[in-house]
1. Run lengths n ≥ 4 of DSSP H only: what is the helix-derived mean residue ellipticity at 222 nm for the chain, with -39500 (n - 2.57) per run over all residues, to the nearest 500?
2. Taking the Cβ-Cβ separation of Lys426 and Ser493 as r and a Förster radius of 35 Å, what is the calculated FRET efficiency to the nearest 0.05?
3. Report, in degrees rounded to the nearest 10, the 0 to 90 angle that the Cα long axis of helix 39-48 makes with the longest principal axis of the chain.
4. Which of Lys344/Lys520; Lys288/Lys459; Lys68/Lys384 have a Cα-Cα distance over 30 Å?
5. What's the angle, to the nearest 10 degrees (0 to 90), between helix 478-489's Cα axis and the longest principal axis of the chain?
6. Please determine, in degrees from 0 to 90 and to the nearest 10, the orientation of helix 185-201 with respect to the longest principal axis defined by the Cα atoms of the chain, where the helix direction is its Cα long axis.
7. Can you sort Phe425, Phe343, Phe90 from fewest to most other Cβ atoms within 10 Å of each residue's own Cβ?
8. Report the Cα centroid-to-centroid distance between region 102-158 and region 477-533 in angstrom, as an integer.
Amino acid sequence: MNISGKLLRDALISGANNIYNERLRVDELNVFPVPDGDTGTNMSMTAKNALEELTQTPDGATAGEVAKKAASAMLRGARGNSGVILSLLFRGLSKGLAGRESAGAGDLSAALKLGIDAAYKSVMKPTEGTILTVSREAWENTKDIAETDISAADFIKEYIDEAKKSLEKTPELLPALKKAGVVDAGGMGYIIILEGMYSVLSGGEIIAAADEVKPNTPVAAAAAEEQLLYNYNAEFIVRKDTELRDTAALCAYLETIGANASVVDDDGIIKVHVHTNHPGKALEEGLKLGALDNVTIENMRKTYNDVIKADRAKQKNKKAPAAITKDTGFVAVAAGDGIQNLFKDLGADQIVSGGQTMNPSTEDLLDAIEQTPARNIFVLPNNKNIILASEQAAKLTDRNVCVLQTRTIPQGISAMMNYDPDGDFKTNRAAMTEAIDRVGSGQITFAVRDSEYDGHKIKQGDILAMDNGKIVFTEKSLEKALVKLTKRLINSSSCFVTVMYGSDVAEEDAAAAYELLRSKVSSDVEVNLVNGGQPVYYYIISVE
């Protein structure tokens, strides 16, 4: 039996709902302890972007028409590398089913191969042990049965079974997965979507989007329970009125009114984080140890739905592309008022708000490109998880776009500083690319989970120091981490250091850390302090 357009539509809706329901389960598989745009959430938001299109698609639509609508919406809504790869897999489905009333097993197999090929080509250095491997091996092990008289639904069941076998082997291909005792998150997310689709293809009902997420694994279930039980994410700093104060009691109390509590004692200040329904009680308890500063209270329950609503509003209010008035323009991705203003001062035409934990969609990047009034446009993703989405956005416009491979904010700033307005596009592309490789990038952040990564035993709440994206050590003191990491980045040819402090660092603390740093590095090196205002990273360090 073939799959009709209506059946395919309902299956895709079911798959999107299934990954939404299970997104926390997938997020918990991430092994990197740094705050991240988690895989399950990115895949869920990518798939969910197609729901509005699909729910408005009539019963009489062909399989080809349904696949095209879904693929287009997913590509434009793709977030993070996992979301982009997912969208490309389904874009293959669209190409393979183009013009077809219904889809048989052979049609599906050929379409899956198109998507797998596109996904592999999108990645400069494909990593095995990921969603790429899971999708490819599942196809290789089912391509022959697709040529038999097997029904389309039974073929999908065989494909899912083979994908699960491949997923179980991913820890053997990626040591980080094996050490953490988990399978690949992207591969798991892909299978969850396929299982949601199969629920309909096998004669069952469309899986509904749950109001309350109930993952299956104990760890993920606890995370889901926490998200549902506790509405607020509270973060604040306590300035201790005496060094004799004990922080253990504060942490114990926070656990009684919430979850995911973190209390870090750092040379006179205490950094506090907790998920709770009573942020006022957390603040009151903190006041017992000293004055409060940098108080942030976020409504977690609203966050996901707000992003979805914002995406839909953008679709309805989309502006016409800007008229071309100049030769070259720039689009930069950045978070934090200070850092965004730096890029504007350097000549960026459009700033896309985003970065670590906040991966913009392909549509966000495409809009920024088309609102740039230039014939030639350089895009600076400034984060490794945003490069793929930027490259996909570049393919959707008729402007001449070059996505520079900037993985950090310092790389993006260095690239723009090396732009020559008198040079041609090709010359500037080479000069800016070369500048990316010359700058050293440091980031200081915190661990969101216990982990063992690349030989480092890490506890939740530890201060993490990263050298060009790689965790190099942990610390208890922000000042010590800043000095140690900066000295590591400086070499014999270094002349300039720029330290950008984030929204969680008080101005006076940043000034004190800056003075300490200046006293510890050579007088031949110029050190500058900038209020970046960025989230996630306490400090971002640029060394040139």
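1. Mean residue ellipticity, 222 nm, calculated: -15000 deg cm²/dmol.
2. 0.80
3. Tilt relative to the chain: about 50 degrees.
4. Over 30 Å Cα-Cα: Lys344/Lys520.
5. For 478-489 against the chain, the angle is about 70 degrees.
6. It works out to around 30 degrees.
7. The fewest-first ordering by Cβ neighbours comes to Phe425, Phe343, Phe90.
8. 50 Å
Readers should treat all values here as calculations from the given coordinates under stated rules, not as data from a laboratory. Here the structure is a predicted model, which is why all the values come from computation and not from measurement. Cβ sites come from the backbone with ideal geometry, for glycine too, and all protein chains shown count toward neighbours.
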